[in-house]
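Visitor: After the structure tokens below, expect a handful of questions from me.
Only the coordinates and a few stated rules stand behind these numbers; no lab work does. It should be emphasised that the depicted structure is a prediction, and the values quoted were computed from it without experimental measurement. Here Cβ is always computed from backbone atoms with ideal geometry, including for glycine, and neighbour counts include all displayed protein chains.
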Amino acid sequence: DDDNSTSVTNYQIIRMVDAPLLAAHLYYANPITFFASGVFHSNQNIWYLCLLWAVYETCRKNGSVPLASLSLAFATYGDVFSIAFLIPMAIWISKGTDNGSNKSGTSHSRIVALLSFFAIWSFCLFGLTSLLLGQPWKSVMDVTYLRSFGWNYESPNLGLQWYLAIQSFDRFRQYSVIMISGLPFLIIAPLTIRLHKYPIVLVTSFWFGWTLNRDVPTLNDLTLALSFMVMSTRSLARMGPVSAISLCAITVPVSLYVMDYWLWLETGTGNANFIFFQCLAYNVFAAMLHLDFVSATLKRDKALRLTRGEYMSKGQAT
């Protein structure tokens, strides 16, 4: 058995520690990213590169904790939800990046180092921004972080918040902003409690949740979520036909969204309901992908627990 496992390890196509690199290749070398915004023409891709690099440094054997925290600090500076990825990164470190070879004390010290360096790098980024712009800290934090909590961009997009923003009364606006902006952070705790054994799945689930609930989602967000899914091959293998149907069908609302956008805002022959229906269908298909992925992970976890139980019962019987 040892010889067989060694041969399988030697002939594997991609190592688990290189999965973030595969996700980066799938994201930056696909036509959706290129045609949606251009790889080199959108600063959104810079923050995604920082996030992918932070995940890679955490997975890599003897990865640099300061570099991983610096990359995550940059990603959080551009997108506040990226701070949630501290959780799967800390879980990776606690389990050890070299098949559990790290000692408990070393893992704890590396987790403390990750959090400390992240706080230091974030402090330095804010200080540098405040110094260059000549603005106080509060103004810098409002522009950097609080802009993600609110309806600051009410032009039609692939999300649903723009429609709620134009339909909401002023007296309920602040309440709606607080409730909807907090939805992505509400899924962090339950997902972490249930899927803490699978940090790669947590990365994918967190990003899927942010893709579905952010104020201005783009095709780049969905593309990155699909690229993250490739890192969880065992969960991907258990996904059902619903995901395949959703993946193929999601191209329909995206295509119709482009046409309805032109009909409403260019020619004036359409209305907001045309675009809203396409956005609703797009988010439903994306949510079905996310739910099927989480369900496949739970099936995988159940199979592992049943297998361990059978082995333990056989061991006790012998």
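Visitor: What is the calculated FRET efficiency for Lys61 to Ala29, with r their C-beta to C-beta distance and R₀ = 41 Å, to the nearest 0.05?
Guide: Rounded to the nearest 0.05, the efficiency is 0.95.
Visitor: Next question. How are the alpha carbon pair distances in region 241-313 distributed across 5 Å bins from zero to the largest one, expressed in percent?
Guide: 3, 16, 16, 13, 11, 9, 9, 6, 5, 4, 3, 2, 1, 1, 0
Visitor: Now a separate question. When the convex hull of the Cα atoms of region 163-317 is projected onto a plane and the area is averaged over all directions, what value comes out in nm²? Don't skip to the end; give the middle numbers.
Guide: Numbers: hull surface 45.6 nm².
With every direction weighted equally, the projected area is 11.4 nm².
Visitor: Another question, if that's okay. According to a simple spin-label model (label point 7 Å from Cα along Cα-to-Cβ), what is the distance in nm between Phe169 and Ala287?
Guide: 2.5 nm
Visitor: Now for a separate question. What Kirkwood Rh does region 181-256 have if only Cα atoms enter the pairwise 1/r average? Answer in Å. Display every interim value, and only then the final one.
Guide: On the way: mean 1/r = 0.0738 Å⁻¹.
It works out to 13.5 Å.
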